[in-house]
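The values are calculated or read from the model by the stated rules, or taken from the named source; none is laboratory data. This structure is a prediction, so every number in the text was calculated from the model and none was measured. Ideal geometry is used to build each Cβ from the backbone, glycine not excepted, and the neighbour counts take in all protein chains shown.
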Amino acid sequence: MRSALTALWGIIWKDLLLEVRSKELVLPLLVFVLALVVLFSFAFEARPALVPLVAPGVLWSALTFLGTLGFVRLFSLEREQGGLEGLLTCPVPRSLIYAGKLLAGVLFLVGVEVVLLPIFSALFNLPFLLPRLWLATFLATLGFCAVGVVFSAMAVHTRAREVLLPVLFFPVALPAIIAGLATTSAILKNEPETAGRWLSLTLAFDILYLVVGGALFDYILGE
Amino acid sequence: MVFGPNGSGKTTLVRVLGCLTRPTSGWASVAGFPVHTHPLQARRAVGVLTHAPLLYADLTVWENLLFFARMFGVPQPGQRIEALTECLGLTERLHQRVRTLSHGLQKRAGLARALLHSPQVLLLDEPEAGLDAPALSTLETLIREHCAQGGAVLLTTHQVAWGLSLAHQAIALWEGRVALREARPQEYAPAFQDAYRRLLAGAGG
C-alpha cells in the first residue's frame with residue numbers, strides 16, 4: 001500500500017515538475033480560456049435577465065476546450081519528453097499510472113479553473129462564491145479527466161492526435177458536459193432541486209468513467 | 001550475447017523481455033516470470049536500456065533517478081543514486097537537465113536508471129553505441145560485476161569481437177529466428193565470427 005502511494009505521488013510529482021519546467025500546459029490553456037470568456041462576455045453584453053441563459057454556455061464552452069486541449073498535451077508531453085517507455089518498464093499496475101495521470105490532469109485543470117471562475121463571475125456579474133457552481137465544475141473536471149486520460153493515452157502514438165482526440169473524446173464526454181451545463185444553468189436560475197439532480201447525475205457519470213477508464217487502461221498501454 | 005543484422009529482431013527481443021512490446025505469438029519469460037501472465041514481477045526483475053535513455057528530457061539526472069527509484073520502491077534511493085552515478089562518472093552532471101547532456105552521457109544516465117533497482121536481469125540493446133573508451137570500460141566492469149554477483153545480462157550488439165569477449169553464450173538472429181548458437185563463445189570466437197560473417201554474406205547475396 002505504501003509503495004503504491006509512493007509510486008502514485010511519484011507520477012504526480014514528476015508531472016508537476018515537468019509542467020513547471022516546460023510551461024506547456026497550464027499557462028497556454030489559461031490564456032486561451034480567459035480570452036474565450038472575455039470575448040463572449042463582450043459579444044453577449046449580458047444583461048441580468050440574459051445571464052442565466054448565456055453564462056452556462058460560455059462557461060462550458062471554455063471548460064470543454066480547456067479539457068480537450070489539456071488532454072492532447074497530457075500524454076504528448078510524456079512522449080516528447082522521452083520517458084513514457086521508461087514509465088512502462090516500472091513494476092506498477094497500469095491502473096496506478098492511470099490514477100497518477102488522472103490526478104495530475106485534475107490538478108492542472110483545477111489550477112486553470114481557480115483563475116477562470118472568479119473572472120467569469122466578475123464578467124457576468126455573478127457572486128464570487130457559488131459553492132454549487134464550484135462543485136459542479138470540479139465534478140465535471142473529474143469526469144473529463146477520467147475520459148480524457150484514457151483517450152489521450154490511446155491517441156499518443158497516432159500522428160493526427162490533435163484531430164483524433166476531440167473526435168474520440170467529445171461523444172463519450174458529452175453526457176458529463178450536458179450534466180455540468182444543466183447544473184450551472186439550474187444554479188444560475190436559482191433552482192436548487194434541479195441543480196441537485198443534475199449534480200447527482202454528473203457524479204454518476206464520474207464513477208462510471210473512473211471505473212471503465214481504470215479497467216481499460218491496461219489494454220490501452222499494452223503496446 | 002545477441003548478434004544479428006539490422007531488422008533481425010534483436011530490439012524486438014529486448015522489448016518483449018522488457019515488457020515493452022506484447023508478443024504477437026508464442027511466449028516469453030524472464031527470470032522465471034512469464035511476461036504475459038506476471039508482468040509486474042517480470043518488470044521488477046529486469047533493467048532495460050534501449051537506444052533511447054528512457055528519461056524525461058526536462059528533468060535533471062537526479063530528479064529522473066529519484067522518480068524511477070520511487071516507482072521501483074528502491075530503499076534509501078539517495079544513497080543508491082549517489083553510488084551509481086559516482087560509478088558511472090555522472091556525479092558532476094547530477095543536477096543538469098537530461099536534455100543538455102551529450103548522447104554518451106544520456107546513455108550513462110539511462111544505464112544508471114536500468115541498474116537502479118539492482119535487477120536480476122539486465123537487457124541492454126546496443127549499449128556500447130555512443131560511449132567513449134572510459135565509459136565503455138566502466139560498462140564492461142559493470143557487466144562482469146553483475147554476472148559475478150549471480151545476475152544475467154542479455155546484450156545485443158553489432159561489435160562481434162567486443163561482444164564475444166564478454167559473452168558466456170552467443171546467438172545470432174536472422175529474420176526473428178536463432179540462426180547461430182555458441183555455448184562457449186570465448187573458446188570458439190574465431191569459428192563463431194567466421195560463421196557469422198558467412199551468415200551476413202549470405203544475407204547480402
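Please go through the stretch B:89-107 and give me each residue that is at negative phi, surrounded by fewer than 20 Cβ atoms within 10 Å (Cβ to Cβ) and not basic (Lys, Arg), ordered by number.
Hits for the stretch B:89-107 are B:THR91, B:GLU92, B:LEU94, B:HIS95, B:GLN96, B:THR100, B:SER102, B:HIS103, B:GLY104.
Check whether at least one residue in the stretch A:52-71 is touching a residue at least 24 places away in the same chain (Cβ under 8 Å), touching a Cys at 6+ places or on another chain (Cβ under 9 Å) and aliphatic (A, V, I, L, M), and report yes or no.
No, because not a single residue in the stretch A:52-71 is touching a residue at least 24 places away in the same chain (Cβ under 8 Å), touching a Cys at 6+ places or on another chain (Cβ under 9 Å) and aliphatic (A, V, I, L, M).
Collect the residues in the stretch B:180-197 that are closer than 15 Å to B:HIS158 by Cβ and either of a type in the set (A, V, I, L, M, F, W, C) or in contact (Cβ under 8 Å) with a residue 60 or more places away in the chain (or both), keeping them in residue-number order.
Matches in the stretch B:180-197: B:LEU180, B:PHE192, B:TYR196.
Test of understanding: among B:GLU126, B:GLU140, which residue is modelled with pLDDT under 95, under 24 Å from B:LEU17 (Cβ atoms) and under 11 Å from the mean Cα position of the chain (by Cα)?
Selected residue: B:GLU126, the only one of B:GLU126, B:GLU140 that is modelled with pLDDT under 95, under 24 Å from B:LEU17 (Cβ atoms) and under 11 Å from the mean Cα position of the chain (by Cα).
Name the residues in the stretch A:70-79 that are in contact with a helix residue (DSSP H, G or I) (Cβ under 6 Å, 6 or more places away or on another chain) and either at the interface with chain B (Cβ under 9 Å from one of its Cβ atoms) or surrounded by fewer than 22 Cβ atoms within 10 Å (Cβ to Cβ) (or both), would you?
Listed by number, the list holds a single entry, A:GLU78.
Which residue is farthest from the other protein chains (Cβ to nearest Cβ), if the candidates are limited to the stretch A:91-103 and must be surrounded by fewer than 23 Cβ atoms within 10 Å (Cβ to Cβ) and in a loop (DSSP other than H, G, I, E, B)?
A:PRO93
Just checking, does the stretch A:104-125 include any residue being surrounded by fewer than 23 Cβ atoms within 10 Å (Cβ to Cβ), assigned to a loop (DSSP other than H, G, I, E, B), within 14 Å of chain B (Cβ to nearest Cβ) and touching a residue at least 60 places away in the same chain (Cβ under 8 Å)?
no
Looking at the stretch A:8-28 only, could you name the residues that are at pLDDT below 90, surrounded by 15 or more Cβ atoms within 10 Å (Cβ to Cβ) and over 13 Å from A:LEU107 (Cα atoms)?
A:LEU18, A:ARG21, A:SER22, A:GLU24
Tell me, yes or no, whether the stretch A:151-172 has at least one residue that is among the basic types (Lys, Arg), at pLDDT 85 or above and in a helix (DSSP H, G or I).
No, the conditions are met nowhere in the stretch A:151-172.
Could you grab me the full set of residues in the stretch A:36-60 that are over 25 Å from the mean Cα position of the chain (by Cα) and closer than 15 Å to A:ALA186 by Cα?
A:ALA49, A:LEU50
Does A:LEU130 count as under 17 Å from A:ARG73 (Cβ atoms) and surrounded by 15 or more Cβ atoms within 10 Å (Cβ to Cβ)?
Against the criterion (under 17 Å from A:ARG73 (Cβ atoms) and surrounded by 15 or more Cβ atoms within 10 Å (Cβ to Cβ)), A:LEU130 does not qualify.
Kindly indicate which of A:ALA104, A:ALA99 is under 17 Å from the mean Cα position of the chain (by Cα) and within 30 Å of B:GLN120 (Cβ to Cβ).
A:ALA99
Enumerate the helices (runs of 4 or more DSSP H) found wholly within the stretch A:1-86, keeping only those where 2 or more residues are of a type in the set (Gly, Ala, Ser) and within 30 Å of B:LEU20 (Cβ to Cβ).
Passing ranges, in order: A:2-22, A:51-81.
Any residue that is closer than 24 Å to A:ALA140 by Cβ, touching a helix residue (DSSP H, G or I) at 6+ places or on another chain (Cβ under 9 Å) and modelled with pLDDT of 80 or more - is there at least one of those in the stretch A:80-94?
Within the stretch A:80-94 (the criterion being closer than 24 Å to A:ALA140 by Cβ, touching a helix residue (DSSP H, G or I) at 6+ places or on another chain (Cβ under 9 Å) and modelled with pLDDT of 80 or more), the answer is no, since none of the residues qualifies.
Can you list the helices (runs of 4 or more DSSP H) found entirely within the stretch B:9-93 that contain at least 2 residues being of a type outside the set (D, E, K, R) and at the interface with chain A (Cβ under 7 Å from one of its Cβ atoms)?
Per the criteria, B:61-72.
Exactly one of these conditions fails for B:VAL160: (1) aliphatic (A, V, I, L, M); (2) within 14 Å of chain A (Cβ to nearest Cβ); (3) touching a strand residue (DSSP E or B) at 6+ places or on another chain (Cβ under 8 Å). Give me its number.
Checking B:VAL160 against (1) aliphatic (A, V, I, L, M); (2) within 14 Å of chain A (Cβ to nearest Cβ); (3) touching a strand residue (DSSP E or B) at 6+ places or on another chain (Cβ under 8 Å), the one that fails is (2).
For B:LEU40, all conditions in the list (1) of a type in the set (A, V, I, L, M); (2) more than 30 Å from B:SER165 (Cα to Cα); (3) crowded, with 16+ Cβ neighbours inside 10 Å hold save one; what is the number of the exception?
Only one criterion is unmet by B:LEU40, namely (3).
Determine the pairs where a residue that is within 16 Å of B:VAL16 (Cβ to Cβ) and in contact (Cβ under 8 Å) with a residue 12 or more places away in the chain, located within the stretch B:42-64, has a partner that is of a type in the set (Ser, Thr, Tyr) and in a strand (DSSP E or B) with Cβ atoms under 9 Å apart, the partner being 6 or more residues away or on another chain.
B:ALA42/B:SER29
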